[in-house]
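Have a look at the structure below, then the notes.
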Amino acid sequence: MATTASSSWFNGERAVVLLFVARVLFSLPLSLLLHGLALSLLALSALFLEISADTSSSLSLFKTRPGASSGILLGAVTLPAVMLSKLIHLSRALSLHEVATEELEYLTLQYWATSASSLGVLVFLYIVLSRATDNMRPPCSRISLDAKRSLSGVVLYSVVCSVSLATTSHSGFDTVLKLLWVLCHGLAAVKLIQHFLNTFPSCASIGEALLVTGGLVLYFGDMLACTIVKVIGFLSSFEWVSVQYGIKRSEITTIIQGLLLGLLLLPMVFKYVVQVWECSLCKAYSEARTCTEIGRSLIFFASLGFILIVIIPLWMQFVQDFNLHPFLWVISFVFSEPLKRLSLCIYWVCVIYVSVLRFYNISKNSKIERILLRKYYHLMAVSMFMPALIFQPKFLDLAFGAALAIFLALEIIRVWRIWPLGQPVHQFMNAFTDHRDSDLLIVSHFSLLLGCALPIWMSSGYNDRPLTPFAGILSLGIGDTMASMVGHKYGVLRWSKTGKKTIEGTAAGITSVLAACSVLVPVLASTGYILSQHWFSLLLAVTVSGLLEAYTAQLDNAFIPLVFYSLLCL
């Protein structure tokens, strides 16, 4: 009985996640002990809640991705752990007088906001579990016990958060404003994850949905508050506002934020305009399918152009104070170093054209498993992004934003079947899907792009760990690829009886990343980087992220780069 109970508590994924959290907590300075205590409580609450969810069917009302575990623990702690790792990184820089105190205070509030998103979703899941448990028989008392333990951790977490914000505030009113801001993040995350799971059934696990919603709430909440501060000028006199949004944004960051905001708002605008248009049509025309498809297509592209050319640039200029139209700024930025940047663009186009054409033909005519074909795109990402990251990092930031915008636009066209591109795009994308994609959403290319881009975007500013921007490229482009290829061809010893991951594949992935780092470090040193990465911490980071890839049933392209990045910051 004891063995069965312990096996129900721990599995490989949970053990690796707790090891990851322990590594972050072990690196905490004394000034961040309350933050570490909060992360510990969040991790324990998520652990108990995940155990409750996995031993019951109470969360079956959410149509999650088939074959994946709930992933509550991993989804709840990943973003808070990333933010805490960045706090540790900035506190180290603050002691060396490399950054201002305002930057640390800004990131501190971002940490609590991110944690509140996870906390809000955990409370929501606890309520769902409790309601389901009340209707079940006494044998489910174990579920109720785990859920109550989770609730206890949530309550303690709230107390720690309040105490921490109170100690960093200059007045009671300041503390109340910060707590309200944090609470709004939690409420928004709950509403968004409900909408996401209901709108896109069978597309993600709860942990994956939690990661996406937490990131979106943090990203666009920051944009909204920055806009409000610009609109209501008198709010800038409040210290909490100046601390939270006094950090200067670069033009590239504002352009990327605007593009993503416009494309995510596009479906809502398009749906509303189409409804108005269809109601205004006479019955004879509304029954003509071809006319309707062409009309919807014209409305879509007109809405897309209006939002991207008029609405979003107006917002960009309002927030950032561009001296010229943002798209003209992009052109001037590219032509400020025309030889390097245009040559890089030509190189990217050639690599994409050759690779996509070849792999698409192979996918139609070959019996090679799709999982291996998809790994060639990981290698393509290495060949494209590694040179640009070393020699043109700012231009790569902008290119990532443009690529993500194109992916979003194509996915909207595919989902809405916008004539004439919808069906061809759908057929093309289906050639590279696997069991983690659904007919409704295809997310693998998004996760690969964001997995490479997020560590680079988060490494802007002060950085005494030059390997952190390469976290996504190394873990996905090299480690994950080698683990899959070696494991598929030579793997014999499996990590678990039900899983497909092999010990040989994991060892190959870890070894390949370490070998790549041993080559990359001298190259970075030759370009002027000051290296301060300890090899023991690097070995631990590579090992933990490799074990997570071996054990997790979640979308590894989304989680592994963030975990690897967090560990490299320490």
- Task: Considering only residues that are touching a helix residue (DSSP H, G or I) at 6+ places or on another chain (Cβ under 7 Å) and at pLDDT below 85, look in region 310-324 and name the one that is surrounded by the fewest Cβ atoms within 10 Å (Cβ to Cβ).
- Result: F318
- Note on the structure: L96 vs (1) hydrophobic (A, V, I, L, M, F, W, C); (2) closer than 25 Å to R249 by Cβ; (3) surrounded by fewer than 22 Cβ atoms within 10 Å (Cβ to Cβ); (4) in contact (Cβ under 8 Å) with a residue 24 or more places away in the chain: all pass except (4)
- Item | All positions within region 454-464 that are out of contact with any Asp or Glu (no Cβ under 8 Å at 6 or more places or on another chain) and assigned to a helix (DSSP H, G or I) | L454, P455, M458
- Item | region 378-391: number of residues that are crowded, with 17+ Cβ neighbours inside 10 Å and either polar (S, T, N, Q) or farther than 17 Å from L476 by Cβ (or both) | 1
- Message: With the structure loaded, tell me whether W277 is modelled with pLDDT under 80 and touching a Gly at 6+ places or on another chain (Cβ under 7 Å) or whether it fails that test.
- Response: yes
- Filter result for the condition that a residue is part of a helix (DSSP H, G or I), over 20 Å from A38 (Cβ atoms), at pLDDT 60 or above and open to solvent by less than 50 Å² (accessible area, probe 1.4 Å), over V128, V160: V128
- Select the helices (runs of 4 or more DSSP H) contained entirely in region 465-570, then report the ones holding at least 1 residues which are under 22 Å from F10 (Cα atoms). 503-526, 535-551, 556-569
- Within region 163-210, of all residues that are over 24 Å from the mean Cα position of the chain (by Cα) and of a type in the set (A, V, I, L, M), the one modelled with the highest pLDDT is L180
- Item | Pick from region 443-502, criterion modelled with pLDDT of 80 or more and among the basic types (K, R), ranking: surrounded by the most Cβ atoms within 10 Å (Cβ to Cβ) | K501
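To keep it simple, each residue is scored yes or no on (1) assigned to a helix (DSSP H, G or I); (2) touching an Asp or Glu at 6+ places or on another chain (Cβ under 6 Å); (3) within 18 Å of A38 (Cβ to Cβ); (4) in contact (Cβ under 8 Å) with a residue 60 or more places away in the chain.
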site	(1), (2), (3), (4)
P80	yes, no, yes, no
R92	yes, no, no, yes
T108	yes, no, yes, yes
S115	yes, no, yes, yes
V121	yes, no, yes, yes
F124	yes, no, no, yes
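The values are calculated or read from the model by the stated rules, or taken from the named source; none is laboratory data. Bear in mind that the values here come from a model prediction, so they are computed numbers and not experimental data. Neighbour counts run over all protein chains shown; Cβ positions are idealised from the backbone, glycine included. Note: areas computed on protein heavy atoms with side chains; ligands, DNA, RNA excluded. Shrake-Rupley method; radii C 1.70, N 1.55, O 1.52, S 1.80 Å.
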